[in-house]
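Everything below concerns the one structure shown next.
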Amino acid sequence: MSCIDAVSFFRKFGRKRCPVVPGFTSQEDMDVIASLIHHVGAERMMEIGINEGRTAKAVLDSVPSVKRYVGVDVPPYFKTSHPLQQKEVPVEAGSMVKGDGRVRLIVRDGGSAELNGEEVGEVDVVFIDGDHTYDAVVRDSELARKVVRDGGVIVWHDYCTPAASCDGVRKYIDGRNRERDSICLVVGSNVCFEVVDKGRMKYRMEFAERHHMGDSVCFVAACREFARRTESVAYVDENQELVEAYGDPDHLRFGTEGAWFPVNPTKGHRSREHGGHGNYYGTYLAAVGAHPGGLPRLELPAFPDEAPVAVIQPFSKHADNPPLEYLQGVVDMFSRTTGFPLFAVGLPDTSRLLRGVDYSMLSPSLTRLMAVVRSSVFALVPHSLTAHVAAAYRVPSFVWVQDDGEEWQLDYPDWPKGVARFSVGLEEAGRTMAAALKGETP
């Protein structure tokens with residue numbers, strides 16, 4: 001029997017707090033279930049044995065990614081196979097989530113025994129907590145394997161419950177594990193789970209040389225694109241926040257599973273002629289074997305619209321910065337020309353030296369930066385992470401660069417931008433910015 005202690009489980013999958021609705025499920029169990037749902041980015045879930053809907057309500061209140069919840073149960077006159085479970089037959093199945101548009105309730109005289117995979121459709125997670133007799137658990141588990149997507153999760157409840165009515169759960173899981181040891185118990189809880197593997201190739205993508213966050217973003221995006229093209233699953237062991245934001249576990253997951261695949265794009269970074277990969281993201285695509293063939297577009301996660309603002313990343317930690325007088329001049333020109341309030345993006349320790357800049361949006365969160373930039377009307381950025389983000393969301397931008405000949409790395413398609421070398425001075429910056437604001441850019 002595979003086991004994982006609770007501390008290790010939450011370290012690996014992250015802990016998603018899920019306030020429990022009093023009933024049959026403990027707080028620890030509910031946190032384990034919610035963490036698994038959150039970890040795979042579940043949008044579709046099925047619960048066999050929804051009862052009054054306590055688990056459904058807790059999940060729907062705490063895991064916003066879930067958009068469709070299929071709840072299965074029996075009518076109130078149903079007679080259970082085991083007398084001890086008779087008290088668990090609900091008077092009204094799903095009553096606690098009645099009226100929630102995300103819930104599809106299926107009540108049949110035979111419960112899940114009358115369902116087939118086509119009727120349910122593909123889901124990301126199945127929670128099995130219905131009839132606990134052995135035959136029923138076998139049947140429900142087989143149904144779950146038909147409907148759960150590759151990389152999704154099946155969760156069983158009551159493995160550790162000592163009552164005789166739960167013997168079927170233990171018998172099924174122990175028997176399954178003697179065959180392939182695929183179901184894992186979270187020690188300290190009453191929950192077992194299995195990550196469904198339908199035979200797709202898995203790769204453990206290892207980033208050979210870490211430089212800065214822009215590299216990490218391009219690396220993760222390239223690994224996902226590689227997996228999409230090859231119909232495989234790419235595992236990466238960094239930037240978990242971005243991996244989860246993509247919400248694409250069919251192709252991209254956080255972890256260290258699979259065949260080792262080293263990724264080293266450094267050879268293509270220095271010149272367009274040497275690498276021949278179009279832009280900076282293209283060097284990562286080439287490094288994973290997904291050669292771009294032109295100017296590739298960096299695809300980043302979608303975020304909800306926010307109030308539109310103008311943004312600036314004042315300084316780069318990994319490139320030469322212009323004199324403070326130059327940056328202040330850029331800010332002043334932008335403010336005089338547009339009248340837009342200007343918000344700084346970046347880490348909380350960003351130097352707050354520029355007048356006319358609001359620093360209230362600084363955050364340690366990468367996805368927070370992405371969400372703000374995505375809704376921006378204009379961006380003032382160095383050759384940095386934020387430039388790549390602005391390019392991905394095609395936000396009109398003014399970019400200042402140093403004299404190293406590497407501005408080709410920012411040649412992203414359909415990105416309205418103006419690029420100026422800060423060594424030339426503010427007069428050139430003003431002309432370039434004015435053209436960018438009018439959309440008069442290549």
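Among beta bridges from DSSP that stay inside the stretch 160-270, the antiparallel ones total about 15%. Packing around the peptides 295-304, 346-355, taken as the average count of other Cβ atoms within 10 Å per residue, puts them in this order, highest first: 295-304, 346-355.
Comparing S112, S375, S360 in a Gaussian network model of the chain where C-alpha atoms under 10 Å apart are linked, the largest mean-square fluctuation is found at S360. Across q = 0.14, 0.20 Å⁻¹, the stretch 310-437 modelled as identical point scatterers on its alpha-carbon atoms has Debye log10 I(q)/I(0) values of -0.53, -1.19, in the order of the q list.
Could you calculate, for the stretch 2-195, the ratio of the Cα radius of gyration to the Kirkwood radius, expressed as Rg to Rh? Here Rg/Rh amounts to 0.92. Rounded to the nearest Hz, the phi-derived 3J(HN,Hα) couplings of the stretch 300-312 under the Karplus curve 6.51 cos²θ - 1.76 cosθ + 1.60 (θ = phi - 60°) are 10, x, 7, 9, x, 5, 10, 4, x, 9, 9, 10, 9, where x marks glycine and proline.
Among F127, F226, F24, determine the one that fluctuates most according to a GNM of the chain built with springs between C-alpha atoms less than 10 Å apart. Answer for the Gaussian network model of the chain: F24. Note on the chain: helix-only mean residue ellipticity at 222 nm, from DSSP H runs of 4+ residues weighted -39500 (n - 2.57) and normalised by residue number, equals -9500 deg cm²/dmol. All C-alpha pair distances within the chain, sorted into 10 Å bins from zero, spread as 4, 19, 24, 19, 15, 11, 6, 2, 0 percent across the bins. Cα axis of helix 324-338 to longest principal axis of the chain: angle in degrees, 0 to 90, nearest 10? That works out to roughly 80 degrees.
Using Cβ contacts closer than 10 Å as the measure, can you line up S26, S397 from fewest to most? Provide the component values of the computation, followed by the final result.
Working: S26 13, S397 26.
Lowest to highest Cβ neighbour count: S26, S397.
Qualifying chymotrypsin sites (Phe, Trp or Tyr not before Pro) in the stretch 359-396, where qualification requires a DSSP coil assignment and no more than 14 other C-beta atoms within 10 Å, are lacking entirely. The protection proxy used here, the mean number of other Cβ atoms lying within 10 Å of each residue, ranks peptides 283-290, 184-191 as follows, highest first: 283-290, 184-191. Convex hull of alpha carbon positions in the stretch 157-256: directionally averaged projected area 8.3 nm². Structure remark: mean-square fluctuation, Gaussian network model of the chain, C-alpha springs under 10 Å; the largest value among G175, G130, G151 belongs to G175.
Coordinate-derived values only; no laboratory data. Small disclaimer: the values here were computed from a predicted structure and weren't measured. We place every Cβ from the backbone using ideal geometry, glycine too, and count neighbours over all the protein chains shown.
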